[in-house]
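Derivation of every value follows stated rules applied to the coordinates shown; laboratory data play no part. Just so it is clear, the structure is predicted and the values come from calculations on it, not from any experiment. Note that we place each Cβ from the backbone using ideal geometry, even for glycine, and neighbour counts take in every protein chain shown.
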Amino acid sequence: MTRHDPDGARLPIKIDTTSNGEFAPVALDKRNEVANALAHDWAGANARRKGASRRDFMVSACGAATTLLAVNHANAAADKPKKGASFDVPVDAALDEAAALEALGGNEFIFDVQGHYVNPAGAWLQDLPDSARPLSGVSNPCVQDIGTDDREYLKCLGADAFIKDIFLDSDTDMMVLSFVPSARDAEPLTIEEADETRRIVDAMDGDHRLMLHGRVNPNQPGDLEDMDRLATDFPIAAWKTYTQWGPDGQGFFMTDDAGERMIEKARALNVKNIAIHKGLAFGPKSYEHSLCSDIGEAAKRHPDINFILYHSGFDTQVSEEAFTPGAGKSAGMDVLCQSLIDAGVKPGANVYAELGSTWRFLMRDPDMAAHALGKLIKYCGEDNVLWGTDSIWYGSPQDQIQAFRAFQISDEFQERFSYAKMTKAVKAKIFGLNAMKPYGISLEEAKKRAAVDGLSKRKHAYLEDPDPSFATYGPKTRRQFLNFRARHGAGPS
């Protein structure tokens, strides 16, 4: 029985205002609104042509193809001055399931290096006022059944919902559970709770499907010292840090004393991956620390450390355009590119650009996406761009996966700016192959496990009658964002 969106009111490709809580929701452009409206109209018409219910059509690959075709149409109709990219979906994919699957399906190994999970019964709730209803904007039949008068609805975001969104409703094979910036006594998800989620998946014979970060902010008393415990007691795959966060609102640089001490401790503990939040500035007080100006020098000083840049320095307030070395731009991804050039850090070295929230936001503007992906591949290297989705905040990441499979940079932009062609081979690297190296995973072993584990068997049965929600969970309005931010001190990711 269909419990999620039985009337087919939601689009399978979710281009909306949802935020991960680190940036205020950004209003859609007129062309985005036109695309969504057009997709709804076309979906209804195409469902009738196929003799299918609207809900069944939305769940099919044709539903996703129809949505992306509407996006292409609206972008073209907007008469944008640049035509740098689009979603490569044939017109017949709107009605032909085989054609839709050819464009949007795939068997790539997908390793999402930025995932999130909120414990619905965690200690983080204890300090909230009784009237607080965190994440009450979640659209979920479970929430609708329970209501939001108390916090029972948070159970709708429990481990089962997380597993369904990530591993059943998307093609994701593996994920890294990451952490939010917070004071030590106010973590929305503790390492113990994250590890318990990992164990739940393992208990389903989904062995090695989830990996863990260890949260550390070296400008907070106790965090450096706690790295020993984290490395000893948990299977830490990388350290997660926020250079723009601090208990007093002041951030730090990876090249100053706090950053150097964390790097040395990471080396001593032999966990040499440091995932650094860069971009999506929390506010003006520590804006400079959200930029990637320190990354090139840090990577040059420590060639044995992998620096994984969450969000890749992306700023929702900055339009990504072509990068000109030496132009002196002081925001967005250009700062990262210039930092690498200045330090002599070559593509394919020890700096990795991660796409969590970045790709999801760029789906609304393919031309800007062309510049962003083009620059990251050019200056970090096609082996050093990593897949991340920042889900669960955006619900199931399947729509991000489908849109990325179809994304193509135009021949014009490839020629003008020396951008790479987004071939299936390049996309397969970004989807998962690139992350295998820093995370030390054998692709053969991972595929072997995924092919026979209990989770894959459960998914096979689920796909006989799938019921995706097409819902998003993060804040969608400024009011929701401010409430979210106040609860976490700075926001998640």
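Whose amide H sits under 5 Å from the amide H of ALA238, counting only residues 5 or more places off or on another chain, with H placed in the peptide plane?
Answer set, sorted by chain and number: GLY214.
Let me know the charge dipole size of the chain about its Cα centre in debye, to the nearest 20, where only the beta-carbon of Lys, Arg (+1) and Asp, Glu (-1) is charged. Before the final figure, lay out each step's value.
On the way: 56 positive and 71 negative charges, 170 e Å.
It comes to approximately 820 debye.
I'd like to compare 250-258, 307-315, 464-472: which one has the highest average count of other Cβ atoms within 10 Å, and what's the full order after that?
On the way: 250-258: 18.8, 307-315: 27.3, 464-472: 16.9.
The packing order, highest mean first, is 307-315, 250-258, 464-472.
Quick one: if the Förster radius is 22 Å, what FRET efficiency do LYS346 and ASP411 give, using the C-beta to C-beta distance and rounding to 0.05? Provide the component values of the computation, followed by the final result.
Details: r = 27 Å, r/R0 = 1.22.
Approximately 0.25, to the nearest 0.05.
Could you rank the peptides 369-382, 95-108, 265-278 by their average count of other C-beta atoms within 10 Å per residue, with the highest value first?
Numbers: 369-382: 23.7, 95-108: 17.1, 265-278: 20.7.
Put in order of decreasing packing, that is 369-382, 265-278, 95-108.
Grab the Cα-Cα distance for ASP41 and PHE234, subtract it from 0.36 nm times how many residues apart they are, and report the gain in nm with one decimal. Intermediate values should be presented prior to the final figure.
Working: separation 193, 0.36 × 193 = 69.48 nm, distance 5.00 nm.
So the extension gain works out to 64.5 nm.
Taking the Cα centre of the range 221-322 as the origin, how large is its charge dipole in debye, to the nearest 20, when only Lys and Arg (+1) and Asp and Glu (-1) carry charge on their Cβ atoms?
Values: 10 positive and 17 negative charges, 50 e Å.
With only Lys, Arg, Asp and Glu charged at Cβ, the dipole is about 240 debye.
Sequence gap at least 6, Cα distance under 8 Å: using those rules, report the relative contact order of the chain to the nearest whole percent. Write down the numbers at each step before the final one.
On the way: 955 pairs, mean separation 116.5, N = 493.
Computed over the chain, the figure is 24 percent.
When a/c is below 1.5 the answer is rounded, else prolate if a/b is larger than b/c, else oblate, so apply that to the range 13-89 with a ≥ b ≥ c taken from the square roots of the Cα gyration tensor eigenvalues. Mind showing how you got there, number by number?
Values: a/c = 2.28, a/b = 1.41, b/c = 1.61.
Because a/c hits 1.5 or more and a/b fails to exceed b/c, the range 13-89 counts as oblate.
Take the cross-link list LYS375/LYS476; LYS346/LYS375; LYS14/LYS459; LYS300/LYS346; LYS421/LYS447; LYS14/LYS240 and give me the ones stretching past 19 Å between alpha-carbons. Before the final figure, lay out each step's value.
Numbers: LYS375/LYS476 29 Å; LYS346/LYS375 13 Å; LYS14/LYS459 22 Å; LYS300/LYS346 10 Å; LYS421/LYS447 27 Å; LYS14/LYS240 28 Å.
Cα-Cα > 19 Å for LYS375/LYS476; LYS14/LYS459; LYS421/LYS447; LYS14/LYS240; rest within.
Using modelled backbone amide H atoms (1.01 Å from N, in-plane), which distant-in-sequence or interchain residues come within less than 5 Å of VAL176's amide H?
Answer set, sorted by chain and number: ASP112, VAL113, GLN114, GLY115, MET211.
What label, among (1) 53, 26, 23; (2) 55, 29, 19; (3) 33, 28, 22, belongs to semi-axes √(5λ) of the Cα gyration tensor in Å computed from the structure on display?
Here semi-axes √(5λ) of the Cα gyration tensor in Å agrees with entry (3).
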